[in-house]
Amino acid sequence: MSDNSGKCPPQFVFEMIAAQTARLFITSDKEAEEVAAEFSVAFEEIYDTDALQADLVQAVERLFVFIESVEVDDIDRLLSSYVWFVANYENLTTKRKKKALIGSPLKGRPRESNRVYATAKNFKTYTYGVGSKTAPHLPVEWEPTQEVEFDSIFSRLFPAEFEKKAKESN
C-alpha cells in the first residue's frame, strides 16, 4: 500500500489538473485519456491517483460540454486563465492564502466524490465572471514558474516551462 493511499489532491489542485488536461487535449494530438494518464503518473509521487485518470477524463468532458454551449473566443487562454485563477483565488473576490499557518494547502485529502461536478460548476462560474468582467483574469506577464508556493504542482502541470527555466539558470 502506498504512503499516499487515500490522500487525493485537494479540490483546487484537482481543478488545476483538470483545466491543464483540457488545455493539452486541445493543443496536442493526444486523446484526453492519454493526457489524463500522463498527469496521473506525474502526480502519483504526492497523491493517491487510483481514480485520478477517470475523474480527469470526466472533468474534461464536462468542461467541453459547457464550453461548447457558450461562445468562447480563445479556449486555451480561458483554460490557462482558470489555472492561474484557481492557484491565486479561492473565489471571484477572495485571494488564496498560499502559506497556511498550520499545514500545507497542497496536503492530500480524502477524495471528494463530487470533485468532477464541482470542477465544472466552478469553471462555469469563473467563465461567466470573466464574461461579465467581475472575475480576475490571467495577467499577460504571468508564467507558471512564478508560482513558487505551489512549485510541486506547477512543475508537474508545466514541465516544459520548468525545464526551460532550469536550463536558463545554468
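Read-outs: derived from the displayed coordinates by stated rules, not from any lab. Since the model is a prediction, treat every value here as computed from it, not as a measurement. Positions of Cβ are generated from backbone atoms using ideal geometry, with glycine treated the same way; all protein chains shown enter the neighbour counts.
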Excluding exposed DSSP-loop GluC sites (Glu not before Pro) (at most 13 other C-beta within 10 Å), longest clean stretch of the chain = 91-140
Determine how many Å³ per residue the convex hull of the Cα atoms of region 11-137 encloses.
-> 102 Å³
One finds the C-alpha centres of region 106-167 and region 31-60 to be spaced, in Å, by 15 Å
Would you calculate a helix-derived [θ] at 222 nm for the chain, using -39,500 (n - 2.57) for each DSSP H run of n ≥ 4 and dividing by the full residue count, to the nearest 500?
-> -18000 deg cm²/dmol
Give the long-range amide H neighbours of residue 89: residues separated by 5 or more places, or on another chain, with amide H under 5 Å away, using H modelled in the peptide plane at 1.01 Å from N.
-> 96
Give a quick list of trypsin sites (Lys or Arg not before Pro) in region 64-144 that DSSP marks as loop, anything other than H, G, I, E or B, with at most 11 other Cβ atoms within 10 Å.
-> 97, 99, 133
Taking the chain and dividing mean pair separation by its residue count, relative contact order in percent (alpha carbons under 8 Å, at least six apart) | 31 percent
In whole Hz, with x marking every Gly and Pro, tabulate ³J(HN,Hα) for region 81-98 from phi via Karplus 6.51 cos²θ - 1.76 cosθ + 1.60, θ = phi - 60°.
-> 4, 5, 4, 4, 4, 4, 5, 10, 9, 7, 7, 4, 10, 10, 5, 6, 7, 7
Considering only 114, 122, 88, give the residue with the highest GNM mean-square fluctuation for the chain, with springs between Cα atoms whenever their separation is below 10 Å.
-> 114
Could you pull out every one of the lysines with an alpha carbon less than 21 Å from that of residue 167, ignoring same-chain neighbours closer than 8 positions?
-> none
